[in-house]
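Each remark here refers to the structure printed beneath this line.
The values are calculated or read from the model by the stated rules, or taken from the named source; none is laboratory data. Note that the structure is predicted; figures quoted are calculated from it, not measured. Here Cβ is always computed from backbone atoms with ideal geometry, including for glycine, and neighbour counts include all displayed protein chains. For the accessible areas, the whole protein counts, side chains as well, though only heavy atoms, and no ligand, DNA or RNA atoms are used. Shrake-Rupley method; radii C 1.70, N 1.55, O 1.52, S 1.80 Å.
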Amino acid sequence: MDPLSALSAIYDFYGQFVANLPLACGPGCATCCSVNVTVTELEIEFLRQHPLSGDRRVLEQVENVRNRPHFIPEFTTNQLAEFCLTRREPPAETGTHAPGACPLLNSEGLCMVYTHRPFSCRAMLSRTRCRTKLAAEIAPFIYTVNLTIYQLIEHLDRQGRSGNMLDMLCGDREQTTGNRTIPGFPVAPDEQVKHQRFLDKLAAFPAGNAQLVEYFPKDLFRNC
Ligand code: SF4
């Protein structure tokens with residue numbers, strides 16, 4: 001079982017799931033492409049399969065920007081989910097989101113590694129133009145679904161770490177945090193039926209020679 005196949009399948013599944021949503025996002029709109037993108041090591045491995053990710057000039061750009069302030073997450077998604085599921089207040093992050101564009105954006109405002117971009121980039125699906133409010137307006141159920149996908153990806157990479165994409169691309173593990181297994185999915189009571197239908201579809205989605213369900217603990221997809 002290859003976690004990269006499962007990650008690729010999750011990206012494909014999510015792409016199909018959101019394909020017909022009424023979104024304001026489009027080519028050249030890059031307000032969310034900042035220096036604050038959080039990723040897992042598995043996603044960096046996937047991103048490195050893109051030919052341009054190894055380009056010397058691209059790597060230099062990443063290295064230059066990494067020395068500027070950027071958000072460094074202290075907690076992983078599954079750590080925060082565990083707080084919610086045990087009815088404890090999640091600790092607040094002390095890191096701040098710094099200004100600055102992602103160095104993987106080209107001069108036309110397009111992502112140079114678009115097909116291999118991490119989930120944080122795929123998840124920023126706004127119903128309104130972000131440029132106006134400088135924040136994405138994400139539909140409540142998509143927000144829930146995004147959280148689930150973050151959790152699944154972290155679980156796939158449970159031996160790995162999470163951190164800022166710039167640090168990860170530069171191989172700096174010092175400012176990263178160890179990933180966790182999924183403690184369950186925190187889902188609001190009024191979304192549980194819809195969420196279960198989403199999980200059922202995701203579980204049956206093909207991933208290499210298997211289905212996504214085979215990459216996760218048996219009971220996980222009946223866990224909320
Ligand atoms: S990796 Fe691509 S999509 Fe993600 S923030 Fe950078 S330029 Fe934007």
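For region 109-143, a residue qualifies if it is open to solvent by 60 Å² or more (accessible area, probe 1.4 Å), over 23 Å from ALA188 (Cα atoms) and charged (D, E, K, R), and the qualifying residues are ARG129, ARG131, LYS133. On the stretch given as region 89-106, residues that are more than 16 Å from the ligand (Cβ to nearest atom) and exposed (fewer than 12 other Cβ atoms within 10 Å of the Cβ) total 5. Going by what's in this entry, would LEU42 be described as away from the ligand (no atom under 14 Å from the Cβ), under 21 Å from MET112 (Cβ atoms) and open to solvent by less than 40 Å² (accessible area, probe 1.4 Å)? Taking the combined requirement at face value, the residue satisfies it. Can you pull out every residue in region 19-38 that is of a type in the set (Val, Ile, Thr) and surrounded by fewer than 17 Cβ atoms within 10 Å (Cβ to Cβ)? The answer is none; no residue qualifies. Every test in (1) within 16 Å of the ligand (Cβ to nearest atom); (2) more than 26 Å from LEU4 (Cβ to Cβ) is passed by ASN146 save one, and that test is (2). Scanning region 105-116 for residues that are part of a loop (DSSP other than H, G, I, E, B) and in contact with a helix residue (DSSP H, G or I) (Cβ under 7 Å, 6 or more places away or on another chain) yields MET112, VAL113.
Is it true that VAL65 is in contact with a helix residue (DSSP H, G or I) (Cβ under 7 Å, 6 or more places away or on another chain) and within 10 Å of the ligand (Cβ to nearest atom)? No.
Quick check on region 160-172. Is at least one of its residues away from the ligand (no atom under 16 Å from the Cβ), under 20 Å from HIS70 (Cα atoms) and part of a loop (DSSP other than H, G, I, E, B)? Even if it seems obvious, please write down each step before you answer.
In the first step, residues of region 160-172 are kept if they are away from the ligand (no atom under 16 Å from the Cβ); the result is 160-161, 171-172.
Within this subset, residues satisfying the condition of being under 20 Å from HIS70 (Cα atoms) are 161, 171-172.
Restricting the remaining residues to those that are part of a loop (DSSP other than H, G, I, E, B) gives 171-172.
Within region 160-172, one or more residues are away from the ligand (no atom under 16 Å from the Cβ), under 20 Å from HIS70 (Cα atoms) and part of a loop (DSSP other than H, G, I, E, B).
When region 91-117 is filtered for residues that are without any contact (Cβ under 8 Å) to a residue 60 or more places away in the chain and more than 19 Å from the chain's Cα centre (by Cα), the ones remaining, listed by number, are PRO91, ALA92, THR94, ASN106, SER107.
In region 118-140, is there at least one residue being away from the ligand (no atom under 13 Å from the Cβ), outside any helix (DSSP H, G or I) and acidic (Asp, Glu)? Checking region 118-140: at least one residue is away from the ligand (no atom under 13 Å from the Cβ), outside any helix (DSSP H, G or I) and acidic (Asp, Glu). Scanning region 172-202 for residues that are open to solvent by 60 Å² or more (accessible area, probe 1.4 Å) and either on the phi > 0 side of the Ramachandran plot or in contact (Cβ under 8 Å) with a residue 12 or more places away in the chain (or both) yields ARG173, GLN175, ARG180, THR181, GLN192, LYS194, ASP200, LYS201. In region 35-75, how many residues are touching a residue at least 12 places away in the same chain (Cβ under 8 Å), farther than 23 Å from ALA98 by Cβ and in a helix (DSSP H, G or I)? Count: 4.
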